[in-house]
Amino acid sequence: MPLAHKKVTLLSGENRSRGAVLGVIAIGAAVSAAKAGGNTGTGALTLDVTTPVRAGAKVGVYRVRCIAAAANSGTFRVEDPDGIVLGDVVVGGTFDDDLKFAIADGGTDFIVDDGFDITVAAGSGKVKLSAAAAVDGSAIPDLILAEACDASAGDKEALVYTRGDFNQNSLTFGAGHTAATVRDILRAKGINLVNVKGA
């Protein structure tokens with residue numbers, strides 16, 4: 001039986017029935033800037049217009065630093081907010097991992113230690129139907145909607161279950177999710193999916 005529950009804010013535009021599997025919008029927008037103190041090189045880092053923040057991105061500051069200078073080029077290393085190296089990108093190329101961006105050459109070449117900081121803001125904390133391709137953090141299933149809620153006209157308070165046992169055949173999954181793909185993730189949160197035959 002369902003156990004713990006709490007109130008959350010269902011995102012404007014969502015209209016969900018009881019049993020919808022929801023995710024939390026934990027990741028916000030990304031903004032880039034030259035590192036503190038500025039750069040010698042006059043090239044630029046430009047975040048992708050369509051999908052600058054990718055699935056798996058973390059809240060915090062990503063460091064992009066030149067590790068090898070070259071005429072009309074250069075190699076930059078990318079570290080996430082925890083200091084984990086995600087990879088390198090050459091000037092003129094595109095980096096696509098937690099973040100997607102390109103670095104362009106300028107009139108003055110970059111030198112070693114030139115770089116940029118990309119800050120990923122925290123999300124709104126509102127909830128929406130969890131879909132596997134979401135890049136705002138809601139791809140991770142987290143909650144079960146306890147009562148139907150129509151937020152078509154604006155954000156709306158909703159009641160959700162945070163723990164308990166649930167008939168997987170009565171749940172609504174977002175695109176790319178099934179009971180099989182979210183079972184272990186939800187179990188770790190105290191939400192157990194049960195396959196009730198004939199339900």
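Here, each number is a calculation from the coordinates, and none is a lab measurement. Here the structure is a predicted model, which is why all the values come from computation and not from measurement. Cβ coordinates were reconstructed from backbone atoms using ideal geometry, including for glycine residues, and neighbour counts include every protein chain displayed.
With runs of 4+ DSSP H residues as the only contributors, calculate the mean residue ellipticity of the chain at 222 nm using -39,500 (n - 2.57) per run, divided by the residue total and rounded to the nearest 500.
The per-residue figure over the chain is -1500 deg cm²/dmol.
Taking the Cα centroid of the stretch 11-32 and of the stretch 132-170, what is the distance between the two, rounded to the nearest whole Å?
8
Using Cα pairs under 8 angstrom and six or more residues apart, how large is the relative contact order of the chain, in percent?
Once normalised by length, the contact order is 35 percent.
Note the count of lysine pairs whose C-alpha atoms are less than 27 angstrom apart in the chain, limited to pairs 8 or more residues apart or on different chains.
Here the count comes out as 25.
Going toward the positive end of the dipole of the stretch 1-141, with +1 on Lys and Arg Cβ and -1 on Asp and Glu Cβ, which of Asn39, Val85, Ala133 do you reach last?
The one lying farthest along the dipole's positive direction is Ala133.
For Asp48 and Ala175, calculate 0.36 nm times their separation in residues minus their Cα-Cα distance, and state this gained length in nm to one decimal.
43.3 nm
Compute the length gained on full extension between Ala71 and Val31: take 0.36 nm times their separation in residues and subtract their Cα-Cα distance, giving the result in nm to one decimal.
11.6 nm
For a test of the definition: using alpha carbon positions, the gyration tensor, and the 1.5 limit on a/c, classify the stretch 1-123 as rounded, prolate or oblate.
Here the stretch 1-123 falls in the prolate category.
Please compute the net charge surrounding Ile67, taking Lys and Arg as +1 and Asp and Glu as -1 over other residues with Cβ under 13 Å from its Cβ.
Here the charged neighbours net out to -1.
For helix 179-188, what angle does its Cα long axis make with the longest principal axis of the chain, in degrees from 0 to 90 and rounded to 10?
Here the helix axis deviates by roughly 80 degrees.
What does the charge count around Arg163 come to, taking other residues whose C-beta lies under 13 Å from its C-beta (Lys +1, Arg +1, Asp -1, Glu -1)?
That works out to +1.
Can you figure out the FRET efficiency of Ala122 with Asn195, using R₀ = 25 Å and their beta-carbon distance, to the nearest 0.05?
After rounding, the FRET efficiency stands at 0.10.
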